Structure formats: structure tokens, C-alpha cells
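The values are calculated or read from the model by the stated rules, or taken from the named source; none is laboratory data. What you see is a predicted model; the values in this text were computed from it and never measured. Neighbour counts run over all protein chains shown; Cβ positions are idealised from the backbone, glycine included. Just so you know, the surface numbers come from the protein's heavy atoms only, side chains and all, with ligands and any DNA or RNA stripped out. Shrake-Rupley method; radii C 1.70, N 1.55, O 1.52, S 1.80 Å.
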Amino acid sequence: MKVIDSIDLLKREGSKLAKPIPVEGLPSMEFDCYFAEESVSPQEISAIIPNCPQDLLEFWNSTRNARLFTDKVYGQWGLEILEPKLSVQITEQFQQCRKRDFLIGDLIIGRFLGDSDLLLIRSDKNTSDYGTVYVVLPIDPRSDWYLVSNSFAGFLSNYIKSCGNKYWVST
């Protein structure tokens with residue numbers, strides 16, 4: 001599925017895709033998707049992220065940032081896709097804190113709500129893993145991170161199919 005098709009689907013039906021989850025003694029968790037009204041121009045993106053993978057560029061050309069399958073009641077679930085400038089800032093912080101695990105071309109593009117996992121895309125065109133997407137675990141070494149897709153478009157499609165569940169974690 002193309003990125004723009006995924007965004008359109010989430011805008012149209014995002015709140016209906018994930019069914020409410022009962023929480024004992026409390027209101028059920030309900031989910032929704034939010035998208036920034038403004039987008040980012042290709043020129044603005046290329047100025048700060050020169051090797052941005054095409055499908056991520058398409059996402060940011062459609063919306064500056066998004067929150068996918070966000071728990072509307074408790075705020076303890078969902079994924080925030082960061083805007084480009086914040087993505088670069090968080091990546092710089094990540095590089096300082098996780099020097100052993102950081103590789104040139106790593107770009108943090110998202111944060112999972114309710115835990116410390118991050119979404120990372122490889123943006124070094126000179127490597128064979130250009131465009132691949134990983135879930136970064138907060139204290140585990142790079143070798144334990146989840147390779148969740150070979151592309152951002154693939155990740156987004158799989159994340160939608162799983163209704164915001166972490167499909168890469170075996171239960």
C-alpha cells in the first residue's frame with residue numbers, strides 16, 4: 001500500500017480500525033489517529049535530511065506529524081510519527097546517549113506512547129539497508145532491535161493491518 005493510501009485510510013477510518021479494549025474497573029481504551037493539518041515541503045526536508053527515503057518524504061509531504069492508534073482515554077498506547085526537525089533533534093540525542101548502537105544514517109522518526117521504544121529508519125544511501133525500519137529497544141543492544149520492515153510504507157501498512165498492535169513482538 002502506498003503511504004498516501006495508508007494516510008487516507010487512517011484519516012477516514014482510523015478510529016474504527018482498532019476495537020475498544022476493556023480495562024477492568026475502568027472505561028475501555030479507545031483509539032484514534034491524528035494528523036497535522038500542515039505538511040512539509042520537499043525543500044525543507046532535504047535541507048535537514050538530505051537522504052530521506054522516498055516513502056517517508058511522501059508521508060511528510062502529506063502531514064508534518066501524526067499520532068497513530070493513540071489511546072484516547074489514558075494516553076498509554078500509540079505511535080507518534082515525529083516532524084522532520086524534531087526527528088533530527090531526537091536522533092542527535094540518541095546518538096549522544098547510545099554511541100555504541102548508533103550508525104551513520106540512523107534517523108529516529110517515531111516514539112511509541114506508553115513505553116520507551118523508538119522507530120528508526122536507515123537513511124544512508126551507501127548501505128544495503130537504506131530505508132529499512134527498526135524498532136529500537138530502550139536498553140537492549142542494536143543486535144536485539146526488531147527489523148520491522150524493509151520500507152516505511154511497508155511498516156505503515158503492517159501497522160495498520162495490526163490495528164496499532166506491535167506485530168513484530170511474538171506473543
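Between their Cα atoms, which of Lys11/Lys166; Lys11/Lys125; Lys2/Lys166; Lys85/Lys161; Lys2/Lys99; Lys99/Lys166 are more than 24 Å away from each other?
Result: Lys11/Lys125; Lys85/Lys161; Lys2/Lys99; Lys99/Lys166 exceed 24 Å.
How would you classify the range 1-138 from its alpha-carbon gyration tensor, with a ≥ b ≥ c the square roots of the eigenvalues: rounded for a/c under 1.5, else prolate if a/b is greater than b/c, otherwise oblate?
Cα axes put the range 1-138 in the oblate bin.
Given a Förster radius of 22 Å and the C-beta distance between Tyr167 and Ser15 as r, what FRET efficiency does 1/(1 + (r/R0)^6) yield to the nearest 0.05?
Efficiency computed from Cβ-Cβ geometry: 0.65.
Take the alpha-carbon centre of the range 26-102, take the same for the range 127-158, and report the distance between them in whole Å.
If you average the Cα positions of each part, the centres end up 15 Å apart.
Taking only protein heavy atoms and a 1.4 Å probe, what accessible area per residue, in Å², does the chain have with all protein chains in place?
For the chain, the per-residue accessible area is 52 Å².
Summing Lys, Arg as +1 and Asp, Glu as -1, what charge do residues with Cβ under 15 Å from the Cβ of Phe112 carry, Phe112 excluded?
Around Phe112, the surrounding residues sum to -2.
Excluding Val40 itself, what net charge comes from residues whose Cβ is under 15 Å from its Cβ, given Lys and Arg +1 and Asp and Glu -1?
-4
Near the amide H of Val136, under 5 Å away, which other amide H atoms are found, from residues 5 or more places off or on another chain, if H is placed in the peptide plane?
Leu118, Leu119, Leu120
Once the Cβ-Cβ distance between Gln96 and Tyr74 is put in as r, and R0 is 45 Å, what FRET efficiency do you end up with, to the nearest 0.05?
Calculated transfer efficiency: 0.90.
Once neighbouring chains are kept in place and the probe is 1.4 Å, which whole percent of the accessible area of the chain is contributed by carbon and sulfur?
50 percent
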